[in-house]
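Visitor: Have a look at the structure that comes next, please.
The values are calculated or read from the model by the stated rules, or taken from the named source; none is laboratory data. This is a predicted model, so every value here is computed, not measured. We place every Cβ from the backbone using ideal geometry, glycine too, and count neighbours over all the protein chains shown. When the accessible area is computed, the model is the full protein with side chains, heavy atoms only, and any ligands, DNA or RNA have been set aside. Shrake-Rupley method; radii C 1.70, N 1.55, O 1.52, S 1.80 Å.
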Amino acid sequence: MSSAPQWDVEGRGWPHRSASRFVTAGDLRWHVQIMGPETAPVLLLLHGAGAATHSWRGLMPILAERYRVVAPDLPGHGFTATPAGNGLSLPAMARRTGGLLEALGLQPAFVVGHSAGAAVAIRMSLDGRLGAAPIVAINGALQPFGGAAAPLFQSVALGLFANPLAARLFAASAGDARRIVRMIKGTGSTIEPEGIELYARLFRKPGHVAGTLGMMGNWDLRSLVREIPRLRAALTLVVGSQDQAVPPSVAAGVQSAVPGARLVTLEGLGHLAHEENPQAMADVIMDVADAAAR
């Protein structure tokens, strides 16, 4: 039995399953969802660590009324394959995601990234892969893990990634949905039972767990922090006031470093603000798009 989520098992009843397709780009087979008019501007959605396309289940249909929305499972997550070597590093993920867009023949006019997905978006933009597409960062993970324990945390994550037994033990414990509820609540968010079940479905699979740990262990955001002042794309930082995973102060620091960056606070929402209140998030994104068009 495969350790990775399987489309014909874990993918049964997947949100917006009819919008899903599998695309080979480079050495990876990607799961991608595409929704909206073919002639509309392309909007790229990039989820955070430990998530997949299901994270956009409420927001995607709203945005698809106006955009051609493209949402991939990032490498090692959901139903996208895990790359070999250091393929889960931030530069590698940005490069591979750019390769996916080339394979699809799409150039985003707008990008929305949640948490670690925001870091991927900004890395892609700094590397010239997104042109001048504006970026909306939702509770962006845009700062290295703080404190003296940061190197230890990353080494532990890498060690767990390299140990298949560790991923299997975590996956086995995720069979108890109450653990997933506690994990989600620990981010400051409360989501509906369907969302809890979808996260549990993924975290029961050691392959998805290993991909998440590998992503966390391989990332070094110090270079991104050094380079972010040269970002030329319009940047909007959206924060949930109750986010317990990425402190709102991180966005304030980024705003001060990036000329013209805008900060929007959504009161009462946590790290998964876009899942808690998709309409409120869509309103912010549409407002940013209108401002960019003007």
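Visitor: Does ARG168 satisfy the condition of being farther than 18 Å from ALA51 by Cβ, assigned to a helix (DSSP H, G or I) and modelled with pLDDT under 70?
Guide: For ARG168, the condition - farther than 18 Å from ALA51 by Cβ, assigned to a helix (DSSP H, G or I) and modelled with pLDDT under 70 - is met.
Visitor: Has segment 24-33 got at least one residue that is in contact (Cβ under 8 Å) with a residue 60 or more places away in the chain, part of a strand (DSSP E or B) and open to solvent by 20 Å² or more (accessible area, probe 1.4 Å)?
Guide: The answer is yes; a qualifying residue exists.
Visitor: Taking ALA291, is it of a type in the set (A, V, I, L, M, F, W, C), within 30 Å of ALA132 (Cβ to Cβ) and either under 16 Å from the mean Cα position of the chain (by Cα) or modelled with pLDDT of 95 or more (or both)?
Guide: Against the criterion (of a type in the set (A, V, I, L, M, F, W, C), within 30 Å of ALA132 (Cβ to Cβ) and either under 16 Å from the mean Cα position of the chain (by Cα) or modelled with pLDDT of 95 or more (or both)), ALA291 does not qualify.
Visitor: Among residues belonging to segment 65-85 that are at pLDDT 95 or above and among the hydrophobic types (A, V, I, L, M, F, W, C), point out the one that is nearest to ALA40 (Cα to Cα).
Guide: Here the residue is VAL69.
Visitor: When segment 236-254 is examined, which residues are found to be buried (at least 23 other Cβ atoms within 10 Å of the Cβ) and out of contact with any strand residue (DSSP E or B) (no Cβ under 7 Å at 6 or more places or on another chain)?
Guide: Once the filter is applied, which keeps residues that are buried (at least 23 other Cβ atoms within 10 Å of the Cβ) and out of contact with any strand residue (DSSP E or B) (no Cβ under 7 Å at 6 or more places or on another chain), segment 236-254 yields ASP243, VAL246.
Visitor: From the list ALA273, ALA233, which one is open to solvent by less than 20 Å² (accessible area, probe 1.4 Å), within 30 Å of PRO15 (Cβ to Cβ), more than 16 Å from the chain's Cα centre (by Cα) and modelled with pLDDT of 95 or more?
Guide: Working: ALA273 fails: more than 16 Å from the chain's Cα centre (by Cα).
Matching residue, one of ALA273, ALA233: ALA233.
Visitor: So which residues in segment 126-135 are in contact (Cβ under 8 Å) with a residue 12 or more places away in the chain and surrounded by fewer than 24 Cβ atoms within 10 Å (Cβ to Cβ), if there are any at all?
Guide: LEU126, ASP127, ARG129, GLY131, ALA132, ALA133, PRO134
Visitor: Let me ask another. If you check ALA282 against the conditions, is it part of a loop (DSSP other than H, G, I, E, B), open to solvent by less than 60 Å² (accessible area, probe 1.4 Å), touching a helix residue (DSSP H, G or I) at 6+ places or on another chain (Cβ under 9 Å) and modelled with pLDDT of 95 or more?
Guide: No: the conditions fail for ALA282.
Visitor: Only residues that are outside any helix (DSSP H, G or I) and open to solvent by less than 60 Å² (accessible area, probe 1.4 Å): list them for segment 91-110, please.
Guide: LEU106, PRO108, ALA109, PHE110 - these are the residues of segment 91-110 that are outside any helix (DSSP H, G or I) and open to solvent by less than 60 Å² (accessible area, probe 1.4 Å).
Visitor: Out of (1) at pLDDT 95 or above; (2) buried (at least 24 other Cβ atoms within 10 Å of the Cβ); (3) of a type in the set (A, V, I, L, M, F, W, C); (4) not in a strand (DSSP E or B), the odd one out for LEU88 is which?
Guide: Tallying (1) at pLDDT 95 or above; (2) buried (at least 24 other Cβ atoms within 10 Å of the Cβ); (3) of a type in the set (A, V, I, L, M, F, W, C); (4) not in a strand (DSSP E or B), LEU88 fails exactly one: (1).
Visitor: On to the next question. Within segment 206-230, track down each residue that is under 17 Å from ALA132 (Cα atoms) and crowded, with 16+ Cβ neighbours inside 10 Å.
Guide: ILE228
Visitor: Among the residues of segment 222-260, write down those that are in a helix (DSSP H, G or I) and touching a residue at least 40 places away in the same chain (Cβ under 8 Å).
Guide: Listed by number, the residues that qualify are ARG222, LEU224, VAL225, GLU227, ILE228, ARG230, VAL250, ALA251, GLY253, VAL254.
Visitor: Within segment 186-203, track down each residue that is over 17 Å from the mean Cα position of the chain (by Cα) and at pLDDT below 90.
Guide: Residue satisfying the conditions is GLY186 alone.
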